[in-house]
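Everything on this sheet refers to the single structure shown next.
The values are calculated or read from the model by the stated rules, or taken from the named source; none is laboratory data. Not measured: the values here are computed from a predicted model. Backbone-built Cβ (ideal geometry, glycine too); neighbour counts: all protein chains shown. In case anyone asks, the SASA skips ligands and DNA or RNA and just uses the protein heavy atoms, side chains included. Shrake-Rupley method; radii C 1.70, N 1.55, O 1.52, S 1.80 Å.
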Amino acid sequence: PKIGHFIFILINFVFLMALIGNISMILLIFLDIHLHTPMYFLLSQLSLIDLNYISTIVPKMVYDFLYGNKSISFTGCGIQSFFFLTLAGAEALLLTSMAYDRYVAICFPLHYPIRMRKRVCALMITGSWMIGSINSCAHTVYALRIPYCKSRAINHFFCDVPAMLTLACTDTWVYECTVFLSTTIFLVFPFICIACSYGQVLLAVYRMRSAEGRKKAYSTCSTHLTVVSFYYAPFAYTYLRPRSLRSPTEDKVLAVFYTILTPMLNPIIYSLRNKEVMGALTRVIQNIFSVKM
């Protein structure tokens, strides 16, 4: 019971931090005109995804802790799985778009207004949401249609499709191959693109004559790479391994990183390590107090 109470309080604290951080980031980018650029437009979408992402998992978990009701309806399980996979796929693609934005800004600064105009940003964001939802719909429909004749106890804290497959009556080897392929498309390929783009960025930064320019570029890139590492590493390690090498306990521990901790840490990382965000926060606070005066 003591450990349960501690976990309950900790999860609530993390959830509130994630809500406050992501909502604050969205409002800050909306209110401050200096942040009306493609990079921060993409960042506001990342905060929106993280806000919905953690809201898909944690409220149900907190309810289970509070009332001891660890059941979920079949339809509710499908809805939770659909939104989780949609948001996970959209975030993976959005992080790739953000890496491309930094690549163009640093390696081709004169082409940046053309390559990253508003229409391109809108297409990147729309494409991320649409591709993520299509992939999610395919996985969710399959997971809900396969027969479950074993125990209905999912050994996880949310309706994760691989955890559900262990309860299936039929052989799911073919579907597990499609999960591997889907993970490769949404995680491995984007990660390779991000690594290649930042390799070019680091070369461009190394050739810069301005020490201040190098410092700013390194700060921006290291921030994004930190976020990417927190998100991609646990996901890839979980979904790219065959079922025989996975354990439910390890899967649950790793899932905590990309479902709970990452949505909380992203706004903190982007705000504390970004002078422009901190400057915008100062301006917005000053404007609010000046209006009150």
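Of the DSSP H helices in the chain, those that are both long (alpha-carbon extent of 20 Å or more along the helix axis) and hydrophobic (Kyte-Doolittle mean at least 1.6) are 2-31, 189-206. When the charge dipole of the chain is built from unit charges on Cβ atoms (+1 for Lys and Arg, -1 for Asp and Glu) and taken about the Cα centre, the candidate among GLY76, PHE6, HIS111 whose Cα reaches farthest toward its positive end is HIS111. The residue among HIS156, THR172, SER182 whose Cα reaches farthest toward the positive pole of the charge dipole of the chain, with charges on the beta-carbon of Lys, Arg, Asp and Glu, is SER182.
For the range 1-292, lysine pairs with C-alpha atoms less than 24 angstrom apart, excluding pairs fewer than eight positions apart on the same chain, total 13.
Scanning the chain for cysteines with no neighbouring cysteine C-beta under 4.7 angstrom from their C-beta gives CYS107, CYS121, CYS137, CYS177, CYS193, CYS196, CYS221. Here the range 165-182 and the range 7-67 have alpha carbon centers that stand 32 Å from each other.
Please check the chain for the longest run free of trypsin sites (Lys or Arg not before Pro) that are loop-located per DSSP (anything but H, G, I, E, B) and have at most 12 other Cβ atoms within 10 Å.
Values: sites that count: ARG117, LYS150, ARG152, ARG207, ARG209.
Counting at most 12 other Cβ atoms within 10 Å as exposed, the longest clean stretch of the chain is 1-116.
Using the Cα centre as the reference, give the magnitude of the dipole from point charges on the C-beta atoms of the range 25-125 (Lys, Arg: +1; Asp, Glu: -1; all else neutral), rounded to the nearest 20 debye. Don't skip to the end; give the middle numbers.
Numbers: 7 positive and 5 negative charges, 57 e Å.
My answer is approximately 280 debye.
When each of the peptides 173-180, 189-196 is scored by the mean number of other C-beta atoms lying within 10 Å of its residues, the order from highest to lowest reads 189-196, 173-180.
Checking the a/c ratio against 1.5 first, then a/b against b/c, what shape does the Cα gyration tensor give for the range 1-152?
On the way: a/c = 3.43, a/b = 1.62, b/c = 2.12.
Because a/c hits 1.5 or more and a/b fails to exceed b/c, the range 1-152 counts as oblate.
Hey, can you find the accessible area per residue of the range 1-292 for me, probe 1.4 Å, expressed in square angstrom?
Values: 15710 Å² over 292 residues.
The answer is 54 Å² per residue.
Hey, any idea what % of the chain's accessible area is carbon plus sulfur with a 1.4 Å probe? Before the final figure, lay out the partial values.
Details: 11390 of 15900 Å².
Using a 1.4 Å probe with all protein chains present, the chain comes out at 72 percent carbon and sulfur.
GNM on the chain, alpha-carbon springs under 10 angstrom: the most fluctuating residue among ASN69, ASN22, ASN135 is ASN69.
Placing +1 at every Lys and Arg Cβ and -1 at every Asp and Glu Cβ, with all other atoms neutral, what dipole size does the range 1-292 have around its Cα centre, in debye to the nearest 20? Write down the numbers at each step before the final one.
Numbers: 24 positive and 12 negative charges, 118 e Å.
With Lys and Arg at +1 and Asp and Glu at -1, about 560 debye.
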